[in-house]
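What follows is a short report on a single structure.
The values are calculated or read from the model by the stated rules, or taken from the named source; none is laboratory data. The structure presented is a predicted model; accordingly, all values stated were derived computationally and were not measured. For neighbour counting, all protein chains shown are included, and Cβ atoms are generated from backbone atoms with ideal geometry for every residue, glycine included. For accessibility, only protein heavy atoms count, side chains too; no ligands or nucleic acids. Shrake-Rupley method; radii C 1.70, N 1.55, O 1.52, S 1.80 Å.
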Amino acid sequence: MTSPTAELERRARLRRAMIATSGIYIAFAVLVVALAMISPAFRSPDNLVNIGRQVAILGIASSAMTFVIILGEIDLSVGAVASVSGVITALALSAGIGPLAIPVGLAVGAGFGLLNGLLIVYVAVPSFIATLVSFFIAQGLALTLTTGQTILFAADGFRLLFATGSVLGFSSAFIWLVLVFGLMGWLLARTRFGAHLYAIGGSQDNARMLGLAVDRMKIVIFTLAGALMGLVGMILIARIGNARADGAIGLEFDAIAAVVLGGTALGGGYGSILRTIVGVMLIGVMNNGLAILNVDFNTQQIIKGVLVIAVVLVDRWARNIKMN
Amino acid sequence: MTESLELHAVSKRFPGVLALDGVSLRVLPGEVHAVMGENGAGKSTLMKIAAGIHTPDSGSIVLDGQSLTFRGPHDAALAGISTVFQELTVLENRDVAHNVMVGREPVRMGGLLVDRKSLYRQAQAVLDRLGIDLSAETPVASLSAGERQMIEIARACAVNPKVLILDEPTSSLGREEELVLFALIDRLRGQGTSIIYITHRMSEVFQLADRITVLRDGRRVATGPTGDFSKDSLIKAMVGRDVPERRHGVTVDNLPIALEAADLGRRGHVKNATFTLHAGEVLGVAGLMGAGRTELARLLAGIDRPDHGHMRLFGEEFAPSGVKDAAARGVAYVSEDRKQLGLLLSLTVADNIALPALRRFSGLAGLLSFTKLRAFARKWMEELSVKAKTPDTVVNTLSGGNQQKVVLAKWLSTEPRVLLLDEPTRGVDVGAKAEIHQRIRNLADSGVAVLAISSELPEILAISDRVLVMAQGRIAGIVNAEDATEESLLELAFSEMGADAA
Ligand SMILES: Nc1ncnc2c1ncn2[C@@H]1O[C@H](COP(=O)(O)OP(=O)(O)O)[C@@H](O)[C@H]1O
Ligand SMILES: [Mg+2]
């Protein structure tokens, strides 16, 4: 029973909110166009392939993080687990076990993910703590195994499969990313598993009362995230041809940033792979563009920080408009 | 047929309380079995055992002659026991269809995809069948408390249950929604479903129930056909003593004016409210849902600012800038929704009671003195007979009635001159209700000006000296409680229906 003027006002506010929520897409488009105009290096085909490879790692990590965040949890072990998976895979490759190195790499990642899940469910520690524990163990293990050295390996087939190969002009790393986005997007949006993940993320207590298997879901999600970190570790070492203990250090923060930039709140129950893709592209393109423009890494970090808070504030403003 | 559900000699102990002590309950097919008792009597615990949430320490669950063990709520659902819990368990982040069908989402292609079309179609069919006027696509976040409750009911009835448990389903429902629920209960009963129905409302029990079981302090004290009970005998069984319900009447003319509102209004909610509230009276505020009662109280409490009109407090201009300002001038507001606004559930009873008056407990060097704080809290716990073991009990673990008493204690401890109560006994059992009523009367007798909003007309009539009735944001009338009846109040509440609110 709202009056016509109130209705008009409401529509105007909704429109402003729409513009505000699409702000991130606009920002993204402006960034791409500007970089392409300023820098010939940015728009070179080689660089596009390069971006594809770079966002592969961030994108896979971020889709894992998206699941974890929708569940209402957090995973701080992402970078360390990816690193140690890469290290162990490299060691396996140089030991000459061939293709068997691949399941080994995945198993290392999945194992750490399982550890996270078990700590959260059976030791009843918050995910922040559980994954911090995994972070330290994975980091320590990687350093011990490498003794601080770079692990070299010769496995061209492996490198082609995970990073350097190309199909129809796309790098194989990028193909992996597309596969993971597809798999995760399907799981989340189209399956019962996804429906229950949203339900549990919305309220773990309520979901439990409704008879959903909350604990099992936690273990599965963290294990899945871990396995994806195994994949990330392999792409990482395949890209550069060697493995280091700190190969993916800090990846968790970029992944959280990408999820948040996509507009997903940390409370759980909300988010989608599509949103995360936008966040990933924004960070990927920005990192690449700034590097090409010779902005040093430290300044890049500062810009990223400012970007995150700006997007979050705009998002909150838009949400308030929608609510009223 | 044998009795469809039997709980046999069930006991359950929580840390510090024996919640159930050898309770047995038999529910026959096609009967509505009311379970009654004061808050904390163990009703919800018994239901949670039947629903597979809690495992009993001893005793057994027998369904259709078969003894069952539930490992979780999923097992109970599979066995045909559906439950609407006292706490809302709707998923706020999802839409109606995903709530109604949760755990039963239809799939296609061998489970690879959720069949969204039939998900929405089936959910809509359930809503339509039950007479719930909602679209399956509506996000739950945009629904009212009553509508959310209806979603819970729809979820419980999505597959025809053998046993339907309803734990205080009407406490957040509007009149229309209640009627939908009652019709549904009748239909299910006709189909042979066993229904366990928990409520604090006497009228519902006598209207719906075939048999009644009464629990007190974790024990079963009575079971029998509804006809064997009267309202008084039920109350007596629940509380273990007689509870007088009486009405007070003072003539307000001689009492000093505490709060005076003139032409008070806020667009869309309250229109031209002019009235006086006297020190020493209880002014009941009646009206339908959405009539603007809470909005009026919020204006008086300084939560919202009026668009026009003004107020005077004991003769002085009163235009509070916020709750804090109003509280500082002696106006306290006890909100309708104790979980969201009134209480910090994860804190202790003492913390909650002391919150508005924290300054008073500064000890050495301005640090809080917990000894003083606890002593203060203990005094107010006794004053209102809050049933908690110590002031350090976490509020979360208290029953609804005791939580409500904590909210009251919290505000009474500030010694307000004007007390605004919004649904002071919602979800509270008869025993605690009578106590709270008595407390409200005592406060008024001690000179406090009390304004009490309630949706229950018997409650309004029981506690008020005068009754202010609101309809569509306006004051439809102010009458002496002694001259009022439920009918006359209802007539006023409906009085402006249909008239265009220009
Ligand atoms: N999960 C729990 N943990 C500890 N105590 C509980 C729990 N649930 C209920 N209780 C206690 O058990 C008793 C019975 O509570 P409840 O079954 O909720 O009563 P009712 O539904 O009749 O109001 C109360 O003393 C309550 O504080
Ligand atoms: Mg209860």
*For the stretch B:49-60, what are the residues that are open to solvent by 10 Å² or more (accessible area, probe 1.4 Å) and in contact with a helix residue (DSSP H, G or I) (Cβ under 9 Å, 6 or more places away or on another chain)?*
B:Ile53, B:His54, B:Thr55, B:Pro56, B:Gly59
*Given (1) touching a helix residue (DSSP H, G or I) at 6+ places or on another chain (Cβ under 7 Å); (2) away from ligand 1 (no atom under 16 Å from the Cβ), where does B:Phe318 come up short, assuming only one miss?*
(1)
*So which of B:Leu7, B:Leu20, B:Leu25 is touching a residue at least 24 places away in the same chain (Cβ under 8 Å), within 12 Å of ligand 1 (Cβ to nearest atom), more than 13 Å from every other protein chain (Cβ to nearest Cβ) and open to solvent by less than 60 Å² (accessible area, probe 1.4 Å)?*
B:Leu20
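Conditions tested, residue by residue: (1) touching a residue at least 40 places away in the same chain (Cβ under 8 Å); (2) more than 21 Å from B:Ser464 (Cα to Cα).
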residue: B:Thr274; (1), (2): yes, no
residue: B:Leu283; (1), (2): yes, no
residue: B:Thr294; (1), (2): yes, no
residue: B:Glu317; (1), (2): no, yes
residue: B:Pro320; (1), (2): no, yes
residue: B:Leu347; (1), (2): yes, yes
residue: B:Asp351; (1), (2): no, yes
*Looking at this structure, is A:Ile221 within 14 Å of another protein chain (Cβ to nearest Cβ) and either surrounded by 22 or more Cβ atoms within 10 Å (Cβ to Cβ) or part of a loop (DSSP other than H, G, I, E, B) (or both)?*
no
*Across the stretch B:186-201, what is the total count of residues that are within 16 Å of ligand 1 (Cβ to nearest atom) and over 12 Å from B:Ile165 (Cβ atoms)?*
3
*Which of the residues belonging to the stretch A:269-284 are open to solvent by 20 Å² or more (accessible area, probe 1.4 Å) and within 14 Å of chain B (Cβ to nearest Cβ)?*
A:Tyr270, A:Ser272
_Residues of the stretch B:68-97 classified as at the interface with chain A (Cβ under 7 Å from one of its Cβ atoms), buried (at least 19 other Cβ atoms within 10 Å of the Cβ) and without any contact (Cβ under 8 Å) to a residue 24 or more places away in the chain, total_ = 1
*the stretch B:102-117, residues that are more than 9 Å from chain A (Cβ to nearest Cβ) and open to solvent by less than 10 Å² (accessible area, probe 1.4 Å)*: none
*Please enumerate the residues belonging to the stretch B:304-334 that are farther than 13 Å from B:Ala261 by Cβ and hydrophobic (A, V, I, L, M, F, W, C).*
B:Phe314, B:Val323, B:Ala326, B:Ala327, B:Ala328, B:Ala332, B:Val334
*Do you know which residues across the stretch B:30-54 are more than 13 Å from ligand 2 (Cβ to nearest atom) and out of contact with any Lys or Arg (no Cβ under 8 Å at 6 or more places or on another chain)?*
B:Ala50
*For the stretch B:374-391, what are the residues that are away from ligand 1 (no atom under 13 Å from the Cβ), surrounded by 19 or more Cβ atoms within 10 Å (Cβ to Cβ) and at pLDDT 80 or above?*
B:Arg374, B:Phe376, B:Ala377, B:Trp380, B:Met381, B:Pro391
*Residue ID - nearest to B:Ile151 (Cα to Cα), chosen from residues in the stretch B:28-83 that are more than 12 Å from ligand 1 (Cβ to nearest atom) and of a type in the set (D, E, K, R)*: B:Asp75
*Filter the helices (runs of 4 or more DSSP H) completely within the stretch B:118-219 down to those with at least 1 residues that are open to solvent by less than 10 Å² (accessible area, probe 1.4 Å), within 16 Å of ligand 2 (Cβ to nearest atom) and more than 14 Å from every other protein chain (Cβ to nearest Cβ).*
B:202-208
*Would you be able to tell me the number of residues in the stretch B:438-469 that are more than 21 Å from the chain's Cα centre (by Cα), buried (at least 24 other Cβ atoms within 10 Å of the Cβ) and assigned to a helix (DSSP H, G or I)?*
1
*Does B:Val394 satisfy the condition of being within 16 Å of ligand 1 (Cβ to nearest atom), open to solvent by less than 20 Å² (accessible area, probe 1.4 Å) and either more than 12 Å from the chain's Cα centre (by Cα) or in contact (Cβ under 8 Å) with a residue 40 or more places away in the chain (or both)?*
no
*Hey, B:Ile478 open to solvent by less than 50 Å² (accessible area, probe 1.4 Å) and among the β-branched types (Val, Ile, Thr) or not*: no
*Filter the stretch A:268-324 down to the residues that are at pLDDT 85 or above and charged (D, E, K, R), then identify the one that is nearest to A:Ala41 (Cα to Cα).*
A:Asp296
*Restricting the search to the stretch A:177-218, which residues are touching a helix residue (DSSP H, G or I) at 6+ places or on another chain (Cβ under 8 Å), among the hydrophobic types (A, V, I, L, M, F, W, C) and away from chain B (no Cβ under 12 Å)?*
A:Leu177, A:Val180, A:Phe181, A:Met184, A:Met217
_Looking at B:Ala434, B:Ala462, can you tell me which residue is touching a His at 6+ places or on another chain (Cβ under 7 Å), away from ligand 2 (no atom under 16 Å from the Cβ), more than 14 Å from every other protein chain (Cβ to nearest Cβ) and under 21 Å from B:Arg201 (Cβ atoms)?_
B:Ala462
*asked:* Given the condition surrounded by fewer than 21 Cβ atoms within 10 Å (Cβ to Cβ) and of a type in the set (Ser, Thr, Tyr), answer yes or no: does some residue in the stretch A:73-82 qualify?
replied: no
*Only one residue in A:Ala92, A:Ala130, A:Ala107 is in contact with a helix residue (DSSP H, G or I) (Cβ under 8 Å, 6 or more places away or on another chain), open to solvent by 20 Å² or more (accessible area, probe 1.4 Å), at negative phi and in a helix (DSSP H, G or I), so which one is that?*
A:Ala107
*Which fully enclosed strands (runs of 3 or more DSSP E) of the stretch B:265-326 have 2 or more residues being crowded, with 20+ Cβ neighbours inside 10 Å?*
B:270-278, B:282-287, B:308-313
*Residue check, A:Leu266 within 14 Å of another protein chain (Cβ to nearest Cβ) and without any contact (Cβ under 8 Å) to a residue 40 or more places away in the chain*: no
*Given (1) more than 18 Å from A:Thr131 (Cβ to Cβ); (2) within 11 Å of chain B (Cβ to nearest Cβ), where does A:Arg239 come up short, assuming only one miss?*
(2)
